[in-house]
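Read-outs: derived from the displayed coordinates by stated rules, not from any lab. All of these numbers come straight from a predicted model, not from anything done at the bench. Here the Cβ positions follow ideal geometry from the backbone for every residue, glycine too, while neighbour counts run over all protein chains shown.
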Amino acid sequence: MKILIAQLLGLIIYLFLKFVVISYPTREGGSIKNTNKNKEDKRIKKLELIKSNKNFLTLKRVSKLLILLLIIFNLQLISYSFEISKKDGLLKLTDSKLILINKILIISGVIINNQDNQSKTEKLIIIKTNLLGITIMILSNDWILTIVSWELFNMSLYLLVSLRSESEASLAASLKYFVLSALSTTFLLMGVCKLYKLTGSTHYEIIETNLLHLINNDINVFYIDMAFILIFFTLLFKLSAAPLHQWAPDLYESLETKVTNWKIIVPKLSVLTFILVLIDNFSLILINQKLLFLFLIFGSLSIIIGSIALYNQWLKKRLLAYSGISHIGYMLLALYCKDIHSFIFYMLIYGLTTLNIFTILKVISEINLYNSKLTLNHEVSNNTYSFHFFKKMNEIKYIQDIAGLIKLNPFLSIAFSISLFSLAGNKNGMSAKNSM
Amino acid sequence: MVVLLWLSLYFKKLLYNMIPPLLGFYSKLFVINALSYQNIYIAILAVIASVISCVKYLYLIQITSFSLPSLYYNNKPSSNKDADKNINISSNVISIITILISLSFIKPVYLLSNITYLLL
């Protein structure tokens, strides 16, 4: 009863913040195309009111943080109320799952907060739908719910990717991603169908007991292996592990920096967490059948291809994409070794470091954009389309664009160097020997 | 005098270390250490690949720190307050993450012993 009251209170506060505070108009620039003059006057008056209220922006930021805290608080409440459904429910919440979801939510909250005031509301709705899909996917204890949440997660990503496809290259990349991703999902479905045919159930725990019985009696062992290989094939495609990585550099290059920031961190972390959940649920079968060997093959290939291809990149986003591929390789190798502690450690450090690099690049392009905006004429800066075009032109595209950053902003340069050192993960032999 | 001695020792250690051990190093070290018990050849491959990729990262650090500023930058001073509003949040994120990453350099033993508590 107490939990229900707390959740209701949380919902009321959330709705209040959502409709009263956040939906309040905040756009200060942009074109106003209303023909009705009264509406225009009202809007201008509102904008003046907002400008006069200096605390408004702080209030908006605090409200966003409150929403994030509420989600985490609600999840912690749910963990107590799910004790009943632990045996054969659709969802299963363990402490480790809760901790990982909290970390993903915090990182995604930071990325959402990094969006500027002019970001469109539809993008935020899609991002929140994506988060919902991720949360259900990690919590699910049944393949039907997993597939539904997987589709929700994928559909929101397709929308996010193709939201502002202006150039031909970006359209081609998003279409390529959509087709290949949909194709890979069919492999997941095939694998799940095979498991259902073998065990007669879609529930994780029942599948595990039935499969163990089959393996002990040496029945249909080949089909069990095939089912798991097909499932992991889809997940590895989504992680862009080599040799299934061709879509990733093209797609990241064509996207906006903010969307790339989301796409390169959150889906990867969530799919890795989902793989961890699967390994946790089917550990006996995977170890018995030596299916973790798959991670060794994909991991070592990702490391080699990622590191060698990284060497020849001169475009910023392609470089980060290949860097991501090589790091995915290390994480897969940690999974192969069954070293969960180092896997989670690597995953979170990679997420934080990449987030830092993207934030630095965003700040550089934003400083430059606002400095350049002063030189623009009034008509261009007030026209949304022209301003968006100008903004896109101002994004950092090549590595050489950030040359001599230390002269522009020493703090940013030092932070960038520290993040890159961390991402490289190397140091000279003598100090490595000392630390060992 | 004691402070000067301490500082000289500290800088000697810095020069001796050259590249400080950051959090990324420890995460890779854990993975390679675990891998060395399972498959030593793949562990060696991982070390070689990490050295290859390190070249590009070092090149990036070199061009940001020691090259002439590119034509991309617009060096006119900003008087727009909107820019500061947006950048304030991002700078908080950058400083927090950078401090977290470089904490391992200052006191690695303390951080690594409590890392599970900090991150999980």
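Descriptive notes on the structure:
- From the C-alpha gyration tensor of the range A:232-322, square roots of 5λ in Å: 27, 16, 8
- Projected-area mean, the range B:22-72, by convex hull of Cα positions, square nanometres: 4.5 nm²
- For residue A:331, net neighbour charge (Lys/Arg +1, Asp/Glu -1) across residues whose Cβ lies under 15 Å away: +4
- Counting neighbouring Cβ atoms within 10 Å and putting the fewest first, the residues B:95, A:181, A:300 line up as B:95, A:181, A:300.
- Using the alpha carbons alone, the radius of gyration of the range A:159-268 stands to its Kirkwood radius in an Rg to Rh ratio of 1.14.
- Electrostatic bookkeeping for residue A:200 treats Lys and Arg as +1 and Asp and Glu as -1; over the other residues with beta carbon under 14 Å from its beta carbon, the sum is -1.
- Charge tally in the Cβ shell below 13 Å around residue A:156, where Lys, Arg are +1 and Asp, Glu are -1, residue A:156 excluded: +1
- In order through the range A:322-335: 3J(HN,Hα) via Karplus (6.51 cos²θ - 1.76 cosθ + 1.60), integer Hz, x for Gly, Pro: 5, 4, x, 4, 5, 5, 4, x, 4, 5, 5, 5, 5, 5
- Between the amide H of residue A:141 and those of A:91, A:92, distances stay under 5 Å, these residues lying 5 or more places away or on another chain, with hydrogens modeled in the peptide plane.
- A:339, A:225 arranged by Cβ crowding within 10 Å, fewest neighbours leading: A:225, A:339
- As a rough footprinting exposure proxy, the listed residues A:347, A:190 were ranked by other beta carbons within 10 Å of their own, and the order from fewest upward is A:190, A:347.
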